[in-house]
Amino acid sequence: MALTTNKSILDWIDEKAELVKPDKIIWIDGSKEQIEALRAEACETGEMIKLNQELLPDCYLHRTKPNDVARVEDRTFICTRKEEDAGPTNHWCDPQEMYKRLYDIARDSYKGRTMYVIPYSMGPIGSPLAKAGIEITDSIYVVLNMCIMTRVGKAVMDVLGDSNDWVRGFHAKCDVDKEKRYICQFPEDNTIISVNSAYGGNVLLGKKCFALRIASYQGWKEGWMAEHMLIVGIENPQGEVKYIAAAFPSACGKTNLAMLIPPKYLRDKGYKVWTVGDDIAWMRIGEDGRLYAINPENGFFGVAPGTNEKSNFNALASTKKGAIFTNVCHKLDDNTVWWEGLNKDLPTDAIDWKGERWDPSKFNKADKSTCAAHPNSRFTAPAENCPCLSSEFNSTTGVPISAIVFGGRRAKCAPLVYQSRDWENGVFIGSTMASETTAAAAGAVGVVRRDPMAMLPFCGYNMSYYFRHWLEMGKRLGDKAPKIFNVNWFRTDDEGNFIWPGFGDNMRVLNWIIDRCEGKADAVETAIGYVPKAEDIDLTDLDLDIDTLRSILKIDKATWEKEAAEIEEHYKKFGDKLPEELRAQLDKLEANIAKL
Ligand code: GTP
Ligand code: SPV
Ligand code: MN
């Protein structure tokens, strides 16, 4: 039965049903009974595997097709009437042409299948910062993931009422044919269409497609920001909590930083860390003029490999109940899951992510093709499982942001941490961010690419306008603007080993950042911004000497000359649409480096 009388929704569903011809239509109310029935059905068809219910209650395993294991950026389109509105960093297609192509692909594809209609909210239901969406899909895997990742059910429709302000999401898995795969956003129509995939970010349409691509466009039009950022609260021994929002590209440490456990000496002093979000932040200027953030999601879609009790205890704990594992290794001996980096006990009786028997004797860490779990295998876990979930998680107003942090994987260039001179300089730093690519997207891994604000694959409009929007937000925020920083946990030595210990020890850097926001810590002004004095990063209990720390805080002239030249190339893409303030920032950087 339909969960709404909203005509714009009912008409849209009728129209789509007419196109794809499902055998039946089921509305998802998110109830326990309904979820249980869908899980049972998915196990019957082999779409999911029920795991050991004593060790992992309500947890399931799913394997995608081997051709469908990551986001597909080259098949992702922003379809605006004018090509220039999609900008130089997006793939563009005329909306009418793309609608036709997609409808031709999806036509009749639900025959013999069920159409599931998922009403969901991004953000706490009823929050003035939240937005509603409907996803229709023919995949139970999608339904069950959406029920973890978003707030699903009739309450969303009740709040929406007759309004037409909701995002249309239409998914058809078709034959999961790579050649006909498309992930398309139509920001001018509040519409997303995804065909021929059944994997994560391609098909959980509330996540990257809505909460970043469509929402970034909405934020531009409406004066707010949708960002690829975690949100974390740092509580000091006096019980005060300061919030940081941080943008790192995919698989560069957002989930880890959002859930970090401080080193023992800081825990003993009373420091605590609270997770608000691990991937996406929606931010608006509040009544007091500060920037407030909510996490629009309700769960975590985290990278499994490398997650273990030591690296991310809280993420691992979050996966122990009601979770879905995608493309990890299935341990047959105890019907649980495993992935590289979970522990050192290579399973001897196991099925790999492709569904084939896994031979641990052939495992070679350096060769990803021998891995039991896919490098981009994931867990979908309810946020409420997270032991360090913030009490503000469901706040309808969001949390005030003190600092914005950018970062990426840079083996050689960026120092461990530095602060921008001001907001404009911070926007420059964000706009020139670069990182070595990871397995989160299809394509080569380990190649340095510019990824402004970690939004390259997710900005739903012309990136030059997006930079302009950032500059405008800074003007509106004035002296209440968060301070902007850049971090790099990934500097390596000559043997390729990470120099900085990372993970929980990143708290040492966050403390410096917060001290800077409060005017409590010193810094050295350099060619690129404010760098900490090595003595001001606390190395208590750490097996890292201060000279090594100095080596990853240093600004090397030759490296930065090369960097500036690469930024010149990067900026050329934006032509005369690049805000002149950013051009001036680059000129200043070049002048500063020349003086080194
Ligand atoms: P998406 O979900 O794709 O957006 O990724 P994410 O940014 O949330 O990345 P995540 O926290 O899942 O980390 C991805 C990988 O980076 C994992 O393999 C982690 O082990 C590794 N990683 C995270 N933090 C650190 C760190 O501080 N140092 C090092 N060396 N590796 C890290
Ligand atoms: C990312 O790639 O940044 C993710 C995973 O968070 S996905 O949802 O697949 O986009
Ligand atoms: Mn992400």
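The values are calculated or read from the model by the stated rules, or taken from the named source; none is laboratory data. Treat the numbers as computed from the prediction; the structure is a model and nothing was measured. Cβ coordinates were reconstructed from backbone atoms using ideal geometry, including for glycine residues, and neighbour counts include every protein chain displayed. Side chains are part of the model used for accessible areas, which takes the heavy atoms of the whole protein and leaves out ligands, DNA and RNA. Shrake-Rupley method; radii C 1.70, N 1.55, O 1.52, S 1.80 Å.
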- Note on the structure: The one condition Phe503 fails out of (1) open to solvent by 20 Å² or more (accessible area, probe 1.4 Å); (2) over 30 Å from the mean Cα position of the chain (by Cα) is (2)
- Can you tell me which residues in the stretch 264-278 are surrounded by 22 or more Cβ atoms within 10 Å (Cβ to Cβ) and assigned to a loop (DSSP other than H, G, I, E, B)? Asp278
- Message: Is it the case, given these coordinates, that Leu212 is touching a residue at least 40 places away in the same chain (Cβ under 8 Å), closer than 28 Å to Pro387 by Cα, part of a strand (DSSP E or B) and within 13 Å of ligand 2 (Cβ to nearest atom)?
- Response: no
- All but one of (1) within 17 Å of Arg409 (Cα to Cα); (2) without any contact (Cβ under 8 Å) to a residue 60 or more places away in the chain hold for Asp545; which doesn't? (1)
- Message: Taking the criterion of being of a type in the set (Gly, Ala, Ser), more than 22 Å from Gly133 (Cβ to Cβ) and not in a strand (DSSP E or B), would at least one residue in the stretch 218-235 satisfy it?
- Response: no
- Kindly indicate whether Ser197 is within 16 Å of ligand 2 (Cβ to nearest atom), in a loop (DSSP other than H, G, I, E, B) and not aliphatic (A, V, I, L, M). yes
- Please work out which one of (1) more than 16 Å from ligand 1 (Cβ to nearest atom); (2) in contact with a helix residue (DSSP H, G or I) (Cβ under 7 Å, 6 or more places away or on another chain); (3) assigned to a loop (DSSP other than H, G, I, E, B) is the condition Ile484 fails and give its number. (3)
- Task: Filter the stretch 390-418 down to residues that are in contact with a helix residue (DSSP H, G or I) (Cβ under 8 Å, 6 or more places away or on another chain), open to solvent by less than 10 Å² (accessible area, probe 1.4 Å) and not in a loop (DSSP other than H, G, I, E, B), then give me how many there are.
- Result: 5
- Task: Could you list, in sequence order, all residues of the stretch 176-185 that are open to solvent by 80 Å² or more (accessible area, probe 1.4 Å) and free of Cβ contacts under 8 Å to residues at least 60 places away in the same chain?
- Result: Glu179
- Note on the structure: Expected output for the stretch 572-596 (first residue within 13 Å of Asn425 (Cα to Cα) and outside any helix (DSSP H, G or I), partner at pLDDT 95 or above and open to solvent by 60 Å² or more (accessible area, probe 1.4 Å), Cβ below 7 Å, 6+ apart or cross-chain) is Pro579/Arg468
- Within the stretch 370-389, can you find the residues that are part of a loop (DSSP other than H, G, I, E, B), under 17 Å from Trp274 (Cα atoms) and over 18 Å from the mean Cα position of the chain (by Cα)? Pro387, Cys388
- Note on the structure: All-but-one check, Lys577 against (1) surrounded by 15 or more Cβ atoms within 10 Å (Cβ to Cβ); (2) closer than 25 Å to Ala246 by Cα, failing number (2)
- Which listed residue is in contact (Cβ under 8 Å) with a residue 40 or more places away in the chain and closer than 25 Å to Ala37 by Cα, from Pro128, Pro124, Pro119: Pro119
- Test: residue in the stretch 299-314 that is closer than 22 Å to Ala70 by Cα, open to solvent by less than 20 Å² (accessible area, probe 1.4 Å) and more than 23 Å from the chain's Cα centre (by Cα): no
- Note on the structure: Residues in the stretch 234-263 that are more than 14 Å from ligand 1 (Cβ to nearest atom) and open to solvent by 30 Å² or more (accessible area, probe 1.4 Å) total 7
- Message: Considering only residues that are of a type in the set (A, V, I, L, M) and farther than 19 Å from Ala246 by Cβ, which ones fall in the stretch 431-470?
- Response: Ala439, Ala441, Ala442, Ala444, Val445, Val447, Val448, Met463
- Query: Quick check: is even one residue across the stretch 541-551 closer than 30 Å to Ala481 by Cα, open to solvent by 60 Å² or more (accessible area, probe 1.4 Å) and under 26 Å from the mean Cα position of the chain (by Cα)?
  - Reply: no
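Among what's in the stretch 435-466 and is among the aromatic types (Phe, Trp, Tyr) and assigned to a loop (DSSP other than H, G, I, E, B), pick the residue that is surrounded by the most Cβ atoms within 10 Å (Cβ to Cβ).
Phe458
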- Do we have Ile429 as buried (at least 22 other Cβ atoms within 10 Å of the Cβ), part of a strand (DSSP E or B) and away from ligand 1 (no atom under 15 Å from the Cβ) here? no
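Results for (1) closer than 26 Å to Glu356 by Cβ; (2) not assigned by TED's automatic domain parsing to the domain that holds Val241, shown as yes or no for each residue.
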| site | (1), (2) |
| --- | --- |
| Val273 | no, no |
| Ala281 | no, no |
| Tyr292 | no, no |
| Gly306 | yes, yes |
| Lys310 | no, yes |
- Message: Against the conditions (1) loosely packed, with under 15 Cβ neighbours inside 10 Å; (2) touching a helix residue (DSSP H, G or I) at 6+ places or on another chain (Cβ under 8 Å); (3) not in a loop (DSSP other than H, G, I, E, B), where does Ala564 fall short? Just the number, please.
- Response: (1)
